[in-house]
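*Asks:* I have a structure I would like to understand better, so I am pasting it below and will then ask my questions one at a time.
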Amino acid sequence: MARKAPSVNIILAVFCLALVSCEAKGGLIIARPLPRGAVGVAAETIFNVLQFGAKPGNGQSTQAFIRAWNAACNFNGKARLLVPPGVFTLAETVFQGPCKGPITVQVTGTLKAVADVSEYTGKGWISFDSINGLLLTGGGTFDAQGPSVWKYNDCKGNSNCVRLPATLYINDVQNGKLKGIKLLNSMGFHMHVTNCNFFRAQGLHITAPQDSPNTDGIHISKSQGVSIVRSVIGTGDDCISVGQGSTNVNISKITCGPGHGISVGSLGKLPKELDVAGVVVKNCTMLGTTNGVRIKTWAGSDPSRASRILFDNIVVDNVQNPIIIDQGYGSRSSKPSLVKISDVTYQNIRGTTTSPVAVNLMCSRQAPCQNVRLNNINLTHRLINVKVSATCANAQVISSGIQFPPPCR
Ligand SMILES: *[C@@H]1O[C@H](CO)[C@@H](O)[C@H](O)[C@H]1NC(C)=O
Ligand SMILES: *[C@@H]1O[C@H](CO)[C@@H](O)[C@H](O)[C@H]1NC(C)=O
Ligand SMILES: *[C@@H]1O[C@H](CO)[C@@H](O)[C@H](O)[C@H]1NC(C)=O
């Protein structure tokens, strides 16, 4: 049998793996020389932080990471910033766009924060800013060293407290995706997604102790088209919180606990907040959390709206407040909240509660909740023989299907 000679393309593809940057164009692979420090993989160019001077250990690699990022970001084509195995120490780091092309950040090693709050001036330990087309992946860990800085959090007695930086501050990222990374012991939030369009996250592991202050898993604000799926989150605050200006948000297959549950809010803390509309929370499990699914708005707030919210197929296991609307959140005002809540559906919510009030809808007397639907609710107390009940204030409730506890009206 005659052997076919390998095609020019196959030879080029092998060559591309090591030496040059290549691009597939109309069936042909185009090769061109690589910038310093870069390694090509078919149709993608790799920028390894080691080649830009990063060194594993306690010495800071911040500047090396920035150099590697700048090279990747300014590269005219598909670029991959690679963090190999090892522990790298970073102070405040901003991965600033816009970039010339879509960019992948592959973290296989561990990033460790400098544990000195005076080193941080912005909202994040690691920020991604003004990027179109970002994939953050690789299975690596972002360890923010929270335990050494939580003592500087005074938000308990001070509602105007300065927040400690988020592990990941993702601002103005369009078409962003996070896949398979671990966030450990954030200083402030683990992740804050803001001013983003089409942002997706999946396969995240977010972990901090139950008593760590304001360590929300993922906080979303001012963003459109966000999906957070298949993730395990346990922290000292909300597993996921959906703040002002969020629209078209899908949250599904989240295991949450310990923590404060999954929340829409808090809303109305600041003047003139933007509306929240279109939030779906589906197929989630809450384990030993203080709340299951919660909507919270500040007392004495400015007017805004929260509407079209669906909580569907939620299992709660030893949860204190499985279903709760709290419009008297925060203690700074005795005036009612003016956030108008409407078109909220709770469907197929089941499991056990640790408090006798399983459904607690405390709406604003000034802006009553409208069209709140309860369908197939089965919540029982953790202890046999303890009866559970529903309480409501200023809420227009429509119920159908199974109702344990019996609905309030
Ligand atoms: C959310 O889910 C709905 C219904 O499946 C879908 O139409 C919408 O595009 C999803 N949005 C995002 C951001 O994934
Ligand atoms: C939720 O679970 C149901 C039943 O297992 C499944 O059919 C549906 O696709 C799931 N939806 C999401 C968004 O996870
Ligand atoms: C409600 O949940 C309890 C405890 O899990 C279960 O025994 C019961 O069958 C459920 N009721 C309905 C109507 O599904």
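The values are calculated or read from the model by the stated rules, or taken from the named source; none is laboratory data. Nothing here was measured: the structure is a model prediction, and the numbers come from that model. Neighbour counts run over all protein chains shown; Cβ positions are idealised from the backbone, glycine included.
*Asks:* Going through the stretch 269-300 one residue at a time, which ones are surrounded by fewer than 21 Cβ atoms within 10 Å (Cβ to Cβ) and more than 18 Å from the chain's Cα centre (by Cα)?
*Replies:* K269, L270, P271, K272, L274, D275, L287, G288, T290, A299, G300, listed by residue number.
*Asks:* Something else now. Just one of G265, G245 is closer than 16 Å to H192 by Cβ and either part of a strand (DSSP E or B) or within 16 Å of ligand 3 (Cβ to nearest atom) (or both); which is it?
*Replies:* The unique qualifying residue is G265.
*Asks:* Here's something else I'd like to know. Among (1) without any contact (Cβ under 8 Å) to a residue 12 or more places away in the chain; (2) more than 16 Å from ligand 3 (Cβ to nearest atom), which single condition is N385 missing?
*Replies:* N385 satisfies all of (1) without any contact (Cβ under 8 Å) to a residue 12 or more places away in the chain; (2) more than 16 Å from ligand 3 (Cβ to nearest atom) except (2).
*Asks:* If I ask for residues that are away from ligand 1 (no atom under 14 Å from the Cβ) and among the aliphatic types (A, V, I, L, M), which ones from the stretch 277-296 would you list?
*Replies:* So the first thing to find is which residues in the stretch 277-296 are away from ligand 1 (no atom under 14 Å from the Cβ), and the list is 284-296.
Within the stretch 277-296, M286, L287, V293, I295 qualify.
*Asks:* I need a count of the residues in the stretch 367-378 that are surrounded by fewer than 17 Cβ atoms within 10 Å (Cβ to Cβ) and either on the phi > 0 side of the Ramachandran plot or within 16 Å of ligand 2 (Cβ to nearest atom) (or both).
*Replies:* 2
*Asks:* Identify the single condition in (1) surrounded by 20 or more Cβ atoms within 10 Å (Cβ to Cβ); (2) farther than 26 Å from G243 by Cβ that Y346 does not satisfy, given that it satisfies every other one.
*Replies:* Going through the list (1) surrounded by 20 or more Cβ atoms within 10 Å (Cβ to Cβ); (2) farther than 26 Å from G243 by Cβ, Y346 breaks only (2).
*Asks:* Would the stretch 174-182 turn up any residue that is part of a loop (DSSP other than H, G, I, E, B), touching a Phe, Trp or Tyr at 6+ places or on another chain (Cβ under 9 Å) and at negative phi?
*Replies:* Yes, that holds for at least one residue.
*Asks:* Let me ask you something else. Looking at the stretch 237-256 only, could you name the residues that are among the small types (G, A, S) and either outside the structural domain of S333 (by TED's automatic domain parsing) or buried (at least 24 other Cβ atoms within 10 Å of the Cβ) (or both)?
*Replies:* S241, G243, S246
*Asks:* Which residues, taken from the stretch 379-409, are within 14 Å of C369 (Cα to Cα), of a type in the set (A, V, I, L, M, F, W, C) and surrounded by fewer than 16 Cβ atoms within 10 Å (Cβ to Cβ)?
*Replies:* The answer is I398, and nothing else.
*Asks:* So, one more: Hey, among S263, S212, S227, S231, which residue is touching a strand residue (DSSP E or B) at 6+ places or on another chain (Cβ under 8 Å) and either at pLDDT below 95 or away from ligand 2 (no atom under 16 Å from the Cβ) (or both)? Full working, then the answer.
*Replies:* Numbers: S212 fails: touching a strand residue (DSSP E or B) at 6+ places or on another chain (Cβ under 8 Å); S227 fails: either at pLDDT below 95 or away from ligand 2 (no atom under 16 Å from the Cβ) (or both); S231 fails: either at pLDDT below 95 or away from ligand 2 (no atom under 16 Å from the Cβ) (or both).
Among S263, S212, S227, S231, only S263 is touching a strand residue (DSSP E or B) at 6+ places or on another chain (Cβ under 8 Å) and either at pLDDT below 95 or away from ligand 2 (no atom under 16 Å from the Cβ) (or both).
*Asks:* Could you grab me the full set of residues in the stretch 204-231 that are within 11 Å of the chain's Cα centre (by Cα) and either closer than 23 Å to W150 by Cα or not polar (S, T, N, Q) (or both)?
*Replies:* If we filter the stretch 204-231 for residues that are within 11 Å of the chain's Cα centre (by Cα), which is where we start, we get 204-206, 216-221, 226-229, 231.
Passing the criteria: L204, H205, I206, D216, G217, I218, H219, I220, V226, I228, V229.
*Asks:* Take the residues in the stretch 301-323 that are crowded, with 17+ Cβ neighbours inside 10 Å and outside any strand (DSSP E or B); name whichever of them is farthest from ligand 3 (Cβ to nearest atom).
*Replies:* S301
*Asks:* State whether one or more residues within the stretch 49-62 are out of contact with any Cys (no Cβ under 9 Å at 6 or more places or on another chain), buried (at least 20 other Cβ atoms within 10 Å of the Cβ), among the hydroxyl-bearing types (S, T, Y) and modelled with pLDDT of 95 or more. Before you say what the answer is, go through the steps one by one.
*Replies:* First, pick out the residues of the stretch 49-62 that are out of contact with any Cys (no Cβ under 9 Å at 6 or more places or on another chain): 49-62.
Keeping just the survivors that are buried (at least 20 other Cβ atoms within 10 Å of the Cβ) gives 49, 52, 54, 61.
Now narrow it down to the ones that are among the hydroxyl-bearing types (S, T, Y): 61.
Then keep just the ones that are modelled with pLDDT of 95 or more; that gives 61.
Yes, the stretch 49-62 has at least one match.
*Asks:* Moving to a separate point now. Condition test on L270, is it away from ligand 2 (no atom under 15 Å from the Cβ) and either in the same structural domain as N185 (by TED's automatic domain parsing) or touching a residue at least 40 places away in the same chain (Cβ under 8 Å) (or both)?
*Replies:* So L270 does not fit the description; no.
*Asks:* Among the candidates S364, S400, S333, single out the residue that is at negative phi and either modelled with pLDDT under 95 or out of contact with any Lys or Arg (no Cβ under 9 Å at 6 or more places or on another chain) (or both). Before the answer, list the steps.
*Replies:* Values: S364 fails: either modelled with pLDDT under 95 or out of contact with any Lys or Arg (no Cβ under 9 Å at 6 or more places or on another chain) (or both); S400 fails: either modelled with pLDDT under 95 or out of contact with any Lys or Arg (no Cβ under 9 Å at 6 or more places or on another chain) (or both).
One residue alone meets the criteria, S333.
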